[in-house]
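Each remark here refers to the structure printed beneath this line.
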Amino acid sequence: VELRALSQRRDEVATEERRELAREIHEQLGQELTAVRLTLGLARVRAAEAPPGTRASLDELDHLLQRTGETMRRIMGRLRPEALLKLGLAGALEATVEEAASRAGLQGRFERAPADADVTDARAEALLAITTEALTNVARHARATTVVVRLEVDGGAVRLRVADDGVGLPGGRAPATSVGMIGVRERAAALGGSARWSRTEPGGGTTLDVALPAPSDDAEAPR
C-alpha cells in the first residue's frame, strides 16, 4: 500500500511539473514569439520597396516563426493535453476515438458507465495516453473495421476497455517485446493497476482491459 501511494504521489508530482512547464512555455515563449512576429510585421511594411531578395527573406522568416509556434503548441499538448483541461477524461476520450477512427477509416464508438462517469485526478493523463497508444496499434496492425472504447468508474476504481474486430493477436497474446504494449503495462502498473489483452468475442479481434484501483486515502493526502 505504501509503495502504491508513493507511486501515485510521484505521478501527481510529475503531472503538476508538466503543467507548470506548459504554463511557462505558453506565457513566456508565447509572448516572445508574438512580439517577434509583430516586429517582423512592421519590418515587412517598411520593406515594401526593398529588393525582392529582402522581402523573400522576411517571408521565409515569417514561415519559420509559424512553424516554431506550431512546434511550441505540439510540445505543450504533450506536456498538458488541452482536451483534458477543457473536456475532462470522458470528453477527451470521446474526441480521441472520433479523431483516430476518422483518420484510420474505422467506425469508432465511445461508451461510459455510468453515463456521467469521469476521472479528474492524475490518472486521467495516463488513461488518455493508454487509449491513444491502443488506438494507434489498432490503426497500424489490426486491420479492423470497428473499435469501441468504454470507460467505467465504480467507487473511484476505473476500468478502461478498447476492443476491435480485427485480425487479433498472434497466438492470442500480447507480444512481450512490443514497445507500445510495454508502455501501456508500465503506465497501468505505476498506478497500482493492470493491463490485459485478450481475444474479442464474438468474431475475433483484440480487447485491451485496463483496471485501476480507487486512490487510497494515503495517496490523496496532501504532502
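Any idea which residue in segment 88-142 is surrounded by the most Cβ atoms within 10 Å (Cβ to Cβ), counting only those that are outside any helix (DSSP H, G or I) and at pLDDT below 90? First the steps, then the outcome.
Step one: list which residues in segment 88-142 are outside any helix (DSSP H, G or I), which gives 105-122.
Adding the requirement that they be at pLDDT below 90 leaves 115-122.
On the way: A115: 7, D116: 8, A117: 18, D118: 17, V119: 22, T120: 10, D121: 17, A122: 19.
For segment 88-142, the residue satisfying everything is V119.
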Could you list, ordered by first residue, the pairs with Cβ atoms under 6 Å in which the first is in segment 47-69 and in a helix (DSSP H, G or I) and open to solvent by less than 60 Å² (accessible area, probe 1.4 Å) and the second is at pLDDT below 85 and of a type in the set (K, R), at least 6 apart or interchain? L58/R44; L65/R37
Tally of residues being modelled with pLDDT of 65 or more, closer than 28 Å to G156 by Cα and in a loop (DSSP other than H, G, I, E, B) across segment 169-223: 9
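Give the residue, chosen from L65, L40, L33, L61, that is at pLDDT 75 or above and touching a Gly at 6+ places or on another chain (Cβ under 8 Å). Can you show your working first?
Working: L65 fails: touching a Gly at 6+ places or on another chain (Cβ under 8 Å); L40 fails: touching a Gly at 6+ places or on another chain (Cβ under 8 Å); L61 fails: touching a Gly at 6+ places or on another chain (Cβ under 8 Å).
Answer to the check: L33.
The values are calculated or read from the model by the stated rules, or taken from the named source; none is laboratory data. Bear in mind that the values here come from a model prediction, so they are computed numbers and not experimental data. Neighbour counts run over all protein chains shown; Cβ positions are idealised from the backbone, glycine included. Remember, those area values only see protein heavy atoms, side chains included, never the ligands or the DNA or RNA. Shrake-Rupley method; radii C 1.70, N 1.55, O 1.52, S 1.80 Å.
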